[in-house]
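What follows is a set of notes on a single structure, which appears directly below.
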Amino acid sequence: MLDTSAIGTKTEWTTVEVEKGSIKAFADALGDDNPLYCDEEYAREKGYPSIVAPPTFPATFHLPKPGLDLELSRTLHGEQEFVYERPIVAGDILHCISELVDVYERDGKRKMTFYVLETRGEDSNGSLVYTGRTTIIYR
């Protein structure tokens, strides 16, 4: 029987400092040479306070997983999405919290359990910057 008792479990708040070097390295790893991600002067000309993080950048944040104690070798990354209230820029200090929002099973050759996590990233003023949603598949 599927155990859904961990739904609603949240992590503690985690602080992430967004650094220029991390943004540039991430964009380089993606092979994305958009000047918004690496040229501060260009980003400022476009109205940003500093270089902008690529849309999938929060995937690099090392955040705890709420309510999960899974054997890593049995997990798969199912899907991930980010919804932004504003772009993440170098110099941001984000406060992030994750919550387990759903658990469900699907049958196939093997039964698989799906864990859906939602992460909120807020700035130092408490304003929402982004919401991330991640599905982890446990086989």
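A few points about this structure:
- Cβ-Cβ under 6 Å pairs, at least 6 apart or on other chains, segment 48-73 side over 17 Å from E17 (Cβ atoms), far side assigned to a loop (DSSP other than H, G, I, E, B) and aliphatic (A, V, I, L, M): G67/A6
- Between R86, R110, the distinction of being among the charged types (D, E, K, R) and in contact with an Asp or Glu (Cβ under 9 Å, 6 or more places away or on another chain) belongs to R86 only.
- Count - residues of segment 1-46 that are assigned to a loop (DSSP other than H, G, I, E, B) and either in contact (Cβ under 8 Å) with a residue 40 or more places away in the chain or β-branched (V, I, T) (or both): 12
- Applying a threshold of 7 Å to beta carbon distances and a minimum spacing of six or more residues, or different chains, the list of pairs starting in segment 117-139 at a residue that is free of Cβ contacts under 8 Å to residues at least 24 places away in the same chain and ending at one that is polar (S, T, N, Q) and surrounded by fewer than 20 Cβ atoms within 10 Å (Cβ to Cβ) reads E118/T131.
- Identity of the residue in segment 39-72, closer than 18 Å to T14 by Cα and loosely packed, with under 15 Cβ neighbours inside 10 Å, that ends up modelled with the lowest pLDDT: P64
- Restricting segment 90-132 to residues that are surrounded by fewer than 19 Cβ atoms within 10 Å (Cβ to Cβ) and of a type in the set (D, E), the residue that is modelled with the lowest pLDDT is D107.
- Number of positions in segment 95-139 that are in a loop (DSSP other than H, G, I, E, B), in contact with a strand residue (DSSP E or B) (Cβ under 9 Å, 6 or more places away or on another chain) and hydroxyl-bearing (S, T, Y): 1
- Filter result for F82 (touching a residue at least 40 places away in the same chain (Cβ under 8 Å), surrounded by 15 or more Cβ atoms within 10 Å (Cβ to Cβ) and not in a loop (DSSP other than H, G, I, E, B)): yes
- Residue count, segment 85-115 (criterion: within 17 Å of T134 (Cα to Cα) and touching a Ser or Thr at 6+ places or on another chain (Cβ under 8 Å)): 10
The values are calculated or read from the model by the stated rules, or taken from the named source; none is laboratory data. This one's a predicted model, so the numbers in the text were calculated from it and none came from an experiment. Don't worry about glycine lacking a Cβ; one is built from the backbone with ideal geometry, like all the others, and counts go over all protein chains shown.
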